[in-house]
Amino acid sequence: MERGEKISIVIAVFLLSVGIVSAIYQSVEEVGEIIEINGKKISIEEIFEKCSIGEEASLACIINLSGVEQPEKHEYTIIGADGYSQTVEWEDMKKGVLTKERQVIFENLPKKFWVKDVVKIEVI
């Protein structure tokens, strides 16, 4: 086998390996969607298992699930995958919900406070 053929085989195996690893990573990410809350990663599945109110999950329950102490003394910054964020108070969190599409909705606040594709909630 010539040197050029060996290099071609090595490159082909490398590219095939990268493709396989990428496909596995993407499928794991889709199955294991999480939201980071106060530094704790919680799966969407767990959130809806423990905090479901119909087709939505209570934000107050989610905050309590994450272990935040004295939640009423904090503000909460909700961050979407695109970087969009909004900060709300505990009274708003008690009225807010998370949909299965990972959108936070506050019926009591203007739509600018609604955040889609939520990836993180920071406790301030």
### Task
Could you list, in sequence order, all residues of segment 101-121 that are within 21 Å of LYS41 (Cβ to Cβ) and out of contact with any Phe, Trp or Tyr (no Cβ under 7 Å at 6 or more places or on another chain)?
GLU101, ARG102, LYS116, ASP117, VAL118, VAL119, LYS120
### Task
Could you please let me know if ILE62 is assigned by TED's automatic domain parsing to the domain that holds ILE105, closer than 14 Å to THR99 by Cβ, part of a helix (DSSP H, G or I) and modelled with pLDDT of 95 or more?
yes
### Of all residues making up segment 101-124, the number that are within 11 Å of the chain's Cα centre (by Cα) and either in a loop (DSSP other than H, G, I, E, B) or aromatic (Phe, Trp, Tyr) (or both)
5
### Message
Please determine whether any residue of segment 57-65 is more than 11 Å from ILE121 (Cβ to Cβ), polar (S, T, N, Q) and under 12 Å from the mean Cα position of the chain (by Cα).
### Response
no
#### Entry: In segment 87-110, residue nearest to SER52 (Cα to Cα) [restricted to those that are β-branched (Val, Ile, Thr) and surrounded by 17 or more Cβ atoms within 10 Å (Cβ to Cβ)]
VAL97
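The values are calculated or read from the model by the stated rules, or taken from the named source; none is laboratory data. As the structure is a computational prediction, the values presented were derived from the model and not from experiment. With ideal geometry, Cβ positions are generated from the backbone for all residues, glycine too; neighbour counts draw on all protein chains shown.
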